[in-house]
Structure formats: structure tokens, C-alpha cells
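Engineer: Mind looking over this structure? Questions follow.
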Amino acid sequence: MGLTELTLRDFRLFPELVVRPDPSAVTVFLSANGTGKTSVLEAVHVLATGQSFRTPTASDMVRARRDLAEVHGVLLQGERRVQVDLTLTRGVRATTKRMLVNGQRPRSRAALADALPLTVFTPEGVEVVRGAPEHRRSFLTTLMTDEDPLTSEAVERYTRVLTQRNALLRSLEGRALSANQRAELEVWTEELALEGTALVDLRRDVLARLGPLVAESYEGLAGEARAVELIYETSWTGGLVEALARAEHDDRYRGRTGVGPHRDDLLVRLGGHDARRQASQGEQRSLALALRLAGHELVRGRRGVEPILLLDDVFSELDPWRADRLLGMLPGGQTLVTTASPLPAALNPRVVVDLSTAVSR
């Protein structure tokens, strides 16, 4: 599978841009910094996930002094043609987002993951190893739903229950509970524990299968075998219902739920040490790439399709030796690469796109 055509209108710096990447090989976007290379990959990412990997604010993606931006993608899944369309409309208070898959609104994240699975690595991608826990939780969520789009339902159920419980906690404003409020809180607590336990089981299952692939990818990138461990860390001890009961006083005071999968973390250990604190920058970057490559392989093995691989300015962050090793490990299928530097000698792109003449200032 692969993207055969991408059209941007008033997206970021581009008044209009049409590119036709090779659907089964490497396409390189080669031009100076500031010409919108990363924005092209961002547009692909938004089509696949509904979210930007650069900003949480949708209006940032609409070109300056414009109120409407569009992204259209056409891809092939075997003999099947799929079109994904995104419209961003800037309003007075917010920017609305409308997505269509073959003319129909996707009912969930699962529909997008099914249409356009992808793997992305950016210079900021190393935060999955050295950054805050939310980077690792986001990585797990994306990987789960790309591997099995139906798991997005578990994520969405937990998120809905958490939102309802937090809304109730905020409304209490730290006051004592009435009988009705006590009954309502118990309902949401029990449901949160049920959905949260199911979500943790899914996360642990994907980690058990991911771990050996990460160790293999790390060895390929670093040229040495090191013990790599992925350890799921809950934000509570014992059962989740009991942990929520113990935290109830603090939750009511703060107006939010303090324990649960939304506060959990993933410990990445290299050679028996916490990679977040004790690995070198080179080791952290190799680990972050290994996590992405392993996730890519997990999705490919489960679904029998090659996710699109997005590499944003990766080679400028790697020494020539590691860059060559990465090139030797690139999976089959479509890869979209951005760079402002000369291409590594071992990279043989099928298509090269110069964006320097397409940008509107």
C-alpha cells in the first residue's frame, strides 16, 4: 500500500501543493530549511491520525490570513483505492476539523488507522525515551490502534469514563458528598476501574510482543547486542478499584483522577539501567528509532500491510555510521524522507521533490 497523491491547499506555508510520491519506494523532500518539508509529513500524519505531531492547536495548520485549509490524500491498498480528506475551518473561537474516508465520516480513530497506518520519526521522537510519561503513553496508544484498529474502542471507552468522573469531581469543589453524589461517584469509579484494567491488559500485551523486536532493532542500529527491557509501570499498587478508593479524598480536593492508565509510564531499560536517565544521547536516539522500527514490524506482521514510514530530518541527527545502518534496516513499502542536507550515499530515492518554489511567504 502507499500514498499516490497528496494535495495541500492553504495548509501551513503552501497556497497549493500537489505531490505524487512513489507508493512502494523512497520519496525524498529535499530543500532548504523553512520551505515546508516537515509540513508535508505533518499533513500525511494528520490524515492518518486526525492529529498533528507538531502542535495541539489546529489553527496553527491554517495558512496565515486564511480561514480554510485542505489536505487530500489518495492511496492504494492492493487493488482498493482510498481517499482521505481533511478540512480545517478557522472560526472566531476555535478551528473545526472535518475528515472523510471515501466520502464518509470516520466513526473512530480505528477507521483512520485502518485506512492509513504509518510510522513517524522526527528529531523530537527521542522524547519517547527521555521525555515525560505522556510521550510513552501516546506511543503505546498509537501502536495499539495501528496494529489492531479495534483497540481504539477500549481507549475511547476509558477516556469517556475518565472525562465523566473528572467532571463530577470538579463539580464537588472539595465539598462533602451527598448520598446521590456518593452513588454517582461509585458508579464512575467502578466503570473506570473496569475499563482501566482492560486498557492496561492491552498495553502489556503489545509490550510483551514488542520487546524482542526492539532489542533486535537496537542491535541492528547500534551494532552491538544489549539487553533492552520494556517494563510497564502502573501509577498505583493493588487493584485499581482499591487504589481509586484510597485516592478519593485527594481526587475530590484536586478535582481530577490521580491514578489510572492515564498516569502510567513505560520504563525503558538498556543494559539494566534506566535509559531515560543513564543512557547517552546516541543510545537514546538509537533506542527511540528501535522502538519505532519494532512497532512498524509489529503492525506489518499483524495486518499484513506495510505502514507508510515518515522520517523527518533524521539523518542530520545521526552520525554517518548509524545513518548507514538505518538505511540498511529500512522496511519495504513507502518511505517519505525530508532533509536539507546532501543525501546519504546509500539512499536511492525513486522520487525527489524540491519544495523551494512552492512556498508562499
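The values are calculated or read from the model by the stated rules, or taken from the named source; none is laboratory data. Remember, it's a predicted structure, so these values are computed and weren't measured experimentally. Methodologically, a virtual Cβ is constructed for each residue, glycine included, from the backbone with ideal geometry; neighbour enumeration extends over all protein chains shown.
Engineer: From the list A94, A132, A110, which residue is of a type in the set (A, V, I, L, M, F, W, C) and under 24 Å from D265 (Cβ atoms)? Explain how you work it out, then say what you get.
Structural biologist: Details: A94 fails: under 24 Å from D265 (Cβ atoms); A110 fails: under 24 Å from D265 (Cβ atoms).
Exactly one of A94, A132, A110 is of a type in the set (A, V, I, L, M, F, W, C) and under 24 Å from D265 (Cβ atoms), namely A132.
Engineer: A further question on this structure: Tell me which residues, restricted to the range 250-274, are assigned to a helix (DSSP H, G or I), over 25 Å from D201 (Cβ atoms) and not aromatic (F, W, Y). Reasoning before the result, please.
Structural biologist: Step one: list which residues in the range 250-274 are assigned to a helix (DSSP H, G or I), which gives 250-254, 261-263.
With over 25 Å from D201 (Cβ atoms) added as a condition, the list becomes 250, 252-254.
Scanning the range 250-274 gives D250, R252, R254.
Engineer: Right, here's the next one. What number goes with the only condition from (1) in contact with a helix residue (DSSP H, G or I) (Cβ under 7 Å, 6 or more places away or on another chain); (2) touching a residue at least 24 places away in the same chain (Cβ under 8 Å) that L207 does not pass?
Structural biologist: Looking at each condition in turn, L207 falls short on (1).
Engineer: Let me ask another. Here are the criteria: (1) within 14 Å of F11 (Cα to Cα); (2) buried (at least 20 other Cβ atoms within 10 Å of the Cβ); (3) charged (D, E, K, R). Tell me which single one D85 does not satisfy.
Structural biologist: (2)
Engineer: So, one more: Name every residue in the range 100-145 that is in a strand (DSSP E or B) and within 18 Å of the chain's Cα centre (by Cα), in order of residue number.
Structural biologist: The answer is L118, T119, V120, F121.
Engineer: Output the residues belonging to the range 160-191 that are touching a helix residue (DSSP H, G or I) at 6+ places or on another chain (Cβ under 8 Å), within 28 Å of T49 (Cβ to Cβ) and surrounded by fewer than 18 Cβ atoms within 10 Å (Cβ to Cβ).
Structural biologist: Q164, E191
Engineer: Does any residue of the range 234-247 turn out to be in contact with a strand residue (DSSP E or B) (Cβ under 8 Å, 6 or more places away or on another chain), modelled with pLDDT of 95 or more and closer than 18 Å to G295 by Cα? Walk me through it before giving the result.
Structural biologist: Here is the first cut: in the range 234-247, the residues in contact with a strand residue (DSSP E or B) (Cβ under 8 Å, 6 or more places away or on another chain) are 235.
This time we only want the ones that are modelled with pLDDT of 95 or more, so: 235.
After this cut, where a residue has to be closer than 18 Å to G295 by Cα as well, the list is none.
Among the residues of the range 234-247, not one is in contact with a strand residue (DSSP E or B) (Cβ under 8 Å, 6 or more places away or on another chain), modelled with pLDDT of 95 or more and closer than 18 Å to G295 by Cα, which makes the answer no.
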